[in-house]
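Worksheet: the structure to be examined is printed underneath.
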Amino acid sequence: MSQKKFIHTLKEILGISPEHEEKKQTKEEIKILMSKLEQQYLSLKEKLQHEEDATKREALKESLSIIKEQLKKGKDFLHHG
Amino acid sequence: MKRIGLFLVMALLAYTFTLSHTLLLICSGIAIFLFGMFCLEEGFRSFIGGLLERLLERMTSTVTKSLFFGIITTSIMQSSSLISILSISFISAGLISLAQGIGIIFGANLGTTTGAWLIAGLGLKVDIATYAMPMLVFGTIMMFQNEKKSKGIGYLLVGLGFLFLGIAYMKEGFETFKTHIDITHYAMQGLKGVLLFTFIGIVATVVMQSSHATLVLIITALASFQITYENALALAIGSNVGTTITALLGSLTANNEGKKFAVAHLLFNLLSALIAIIFMQPFLYLVDTTASWIGIMNDDYALKLALFHTFFNLIGIVLLFPWTTQLVILLNALFRPYEKDLHQKDDVLYLDESALDFPLSAHTVLMKETKHLYQNVIEIIAQALSIHKSDVTSGMEIDEIVHQRNKALFVDMDAYYERNIKEIYGKIITFAISAQGKFSQENMYDLVAIKNANICIVEAFKASKHMQKNMLKYLESSNSDIKNEYNHIRKNLISHLRTMQLIFNTDEEDVAILLLSKLHVDTQKYDIAANKSLDNLIRTNKINYTMATSLMNDTTYAYTIASELSKAAQLLFVHEKKELKEGREALILTETEASALAHETP
């Protein structure tokens, strides 16, 4: 365990992370989630290209627009939150 | 009966106090000491309660780590009771395993022996009453502060102050006592003496519910030569057995796992005591040899008692710790889970009072019980749609499910509510309200959210109950248009339930976040699609006005089911883990955003 990680873990256990550090951590988590959602977006887009069933295509399109909206929300949070 | 007993004990004590001032001094010392222990525990709960929970959650991943956790925390806090209550609470909530809990309590047994060292080494040799007074003054000032941490420190200081004062009183009491009476005349030698004094030690600890208090009493009496060294050792063995009463009492309100833990604690301490009694002579030899080796005077019996106390707990651990797995197997065989009859009333599976001791355990059991209630409600909602719960989780296409389950399936929803929902729901709400009153604002926020999720789940059930009547009627209707409309409602709700089950079962956070947003968008689409279809059917006279009214009402009920369940799923998902709450909340679409998206997409 690196020194930085050790201090971070210790602070977490002791519950003494300052507010700005907690916010930083939340932003970090959101970034991770957003990158996962981006991957999800790409894989759904690829699925859409090969999907022929009309209903399933609609469902995929809907999921893509939801992810798009979520990514937009995430970006807003990272910039202004 | 209990009150009469209490009154008689008090009357007897009052009478003896009038006869002996010394006895009053000793008893008040015990009372002050016990009050000190209480304050100390309160202080630790509020001052480092959160820290203790975080440590327990992270540092007990293996049984060996749990053992060290028990040793260290009990040495610091000087209260094996607090550690055993915490362990019961966490075991009951499923946050740690029974084996980990056993590791902790084995360690706590050793950790608690540091108390005897402190009392024998410091308590008797220094005038600790001098230190008690300033601690009480500063502690009381801190206790009156509004901030929780200051209050906690206040309790700790007052607790320590009272402990010191209690010891000083007991010491003084025994000093005065020896000038009047010499109770060493009542000393008993041999095995008979060991057994009798072990029994007295057990009774004293059960009455005082603190092995520390018994040990202080033993050490102060021993230092004043009021009891013999051999009898003091037997009393210490007894106190070790008697201390298991805390875990046993705590487990009365715990589930099976908590009870197993308390029995494990009792078994360990009983076996350690047996070993100590059987091998008393070798133990005495070991203590004498070690004492002279580490520089303890030959006649310093108080310190030798502390050494003995440490040795017999240590040897107990050495001998019994390798058998932890076997002990767990034995306890699992002894406490088999209760098998429920199908027609029997369903009851809570996880809630018990022991979980109310700490915020994390309360939160965990509340979450688990809510998911239990949710599964019961999903079962009945599925039946209200004339399908089975297994259809929802099956991989079958939704159209195929609706096609196969084309007959109305009658189920008595009121009877189901009485049997599988009411009791659990009531207990969850009561538990959540009790927990809300106990913990900090931050924890309360999560508890309120889980409570609201339960309210949403039951609201969804109520809506499904209202919807069922027409569902049964129109599923078998000769009018294919109205039948199609009800089948459409069924399809939407099956899809909704399926997505909900996926959210509860997935470990991938991004998938859950996407599905939750999808649930909200789908819910918003209900009205749009239903209104279009209804207008068309009325305009073309395909359904009569009674059918139209029913359809309008049931569409609203379907919307209520979908939206209440979505709200519940979101609340449970967001408030599942404190540290992920904000991140999760930030990415899930709100009702307004979902509504805007629903109107955009075709």
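The values are calculated or read from the model by the stated rules, or taken from the named source; none is laboratory data. For clarity, every value in this text was computed on a predicted model and none was experimentally measured. As a convention, Cβ positions derive from the backbone with ideal geometry for all residues, glycine included, and neighbour counts pool all protein chains shown.
Meeting the requirement of 2 or more residues that are out of contact with any Gly (no Cβ under 6 Å at 6 or more places or on another chain), at pLDDT 90 or above and under 26 Å from B:Lys577 (Cα atoms), the helices (runs of 4 or more DSSP H) wholly within region B:397-451 are B:422-438.
Yes/no per residue for (1) away from chain A (no Cβ under 14 Å); (2) closer than 23 Å to B:Glu353 by Cβ; (3) more than 18 Å from the chain's Cα centre (by Cα):
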residue: B:Gly5; (1), (2), (3): yes, no, yes
residue: B:Leu8; (1), (2), (3): yes, no, yes
residue: B:Phe17; (1), (2), (3): yes, no, yes
residue: B:Ser28; (1), (2), (3): yes, no, yes
residue: B:Cys39; (1), (2), (3): yes, yes, yes
residue: B:Arg58; (1), (2), (3): no, no, no
residue: B:Val63; (1), (2), (3): yes, no, yes
residue: B:Leu67; (1), (2), (3): yes, no, yes
residue: B:Ile83; (1), (2), (3): yes, yes, no
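The helices (runs of 4 or more DSSP H) located wholly in region B:72-127 that include 1 or more residues which are buried (at least 22 other Cβ atoms within 10 Å of the Cβ), hydroxyl-bearing (Ser, Thr, Tyr) and out of contact with any Leu (no Cβ under 7 Å at 6 or more places or on another chain) occupy B:80-92, B:113-118. In region A:18-31, the residues that are over 14 Å from A:Lys75 (Cα atoms) reach residues that are loosely packed, with under 13 Cβ neighbours inside 10 Å and at pLDDT 65 or above with C-beta atoms within less than 8 angstrom, at least six apart or across chains, in these pairs: A:Gln25/B:Glu579. Among the residues making up region A:1-46, those that are modelled with pLDDT under 65, at the interface with another protein chain (Cβ under 9 Å from one of its Cβ atoms) and surrounded by fewer than 14 Cβ atoms within 10 Å (Cβ to Cβ) are A:Leu14, A:Gly15. Among the criteria (1) among the polar types (S, T, N, Q); (2) within 22 Å of B:Met471 (Cβ to Cβ); (3) touching a residue at least 40 places away in the same chain (Cβ under 8 Å); (4) surrounded by fewer than 17 Cβ atoms within 10 Å (Cβ to Cβ), the one B:Asn420 does not fulfil is (4). Taking the conditions exactly as written (at pLDDT 90 or above and hydrophobic (A, V, I, L, M, F, W, C)), does B:Ala254 satisfy them or not? So B:Ala254 does not fit the description; no. Does A:Leu78 qualify as being in a helix (DSSP H, G or I), within 20 Å of B:Leu589 (Cβ to Cβ), at pLDDT 90 or above and not acidic (Asp, Glu)? Against the criterion (in a helix (DSSP H, G or I), within 20 Å of B:Leu589 (Cβ to Cβ), at pLDDT 90 or above and not acidic (Asp, Glu)), A:Leu78 does not qualify. When B:Lys469, B:Lys422 are checked against the criterion of being farther than 22 Å from B:Thr556 by Cα and charged (D, E, K, R), B:Lys422 stands alone in meeting it. If the condition is being of a type outside the set (Ser, Thr, Tyr), farther than 17 Å from A:Ala59 by Cα and within 13 Å of chain A (Cβ to nearest Cβ), then region B:499-528 contributes B:Asp507, B:Glu508, B:Glu509, B:Asp510. The set of residues from region B:491-518 being surrounded by fewer than 21 Cβ atoms within 10 Å (Cβ to Cβ) and basic (Lys, Arg) comprises B:Lys491, B:Arg498.
Of the helices (runs of 4 or more DSSP H) entirely within region B:536-602, those holding at least 3 residues that are free of Cβ contacts under 8 Å to residues at least 40 places away in the same chain and more than 14 Å from chain A (Cβ to nearest Cβ) occupy B:545-574. Would you point out the residue of region A:58-81, among those that are within 11 Å of another protein chain (Cβ to nearest Cβ) and under 19 Å from B:Ile398 (Cβ atoms), that is surrounded by the fewest Cβ atoms within 10 Å (Cβ to Cβ)? Restricting to residues being within 11 Å of another protein chain (Cβ to nearest Cβ) and under 19 Å from B:Ile398 (Cβ atoms), the top hit is A:Glu58. Consider B:Ser394 carefully, then state whether it is more than 19 Å from the chain's Cα centre (by Cα) and of a type in the set (S, T, N, Q). It is true that B:Ser394 is more than 19 Å from the chain's Cα centre (by Cα) and of a type in the set (S, T, N, Q). The residue that is modelled with the lowest pLDDT, counting only those in region B:325-368 that are surrounded by fewer than 11 Cβ atoms within 10 Å (Cβ to Cβ) and part of a loop (DSSP other than H, G, I, E, B), is B:Leu342.
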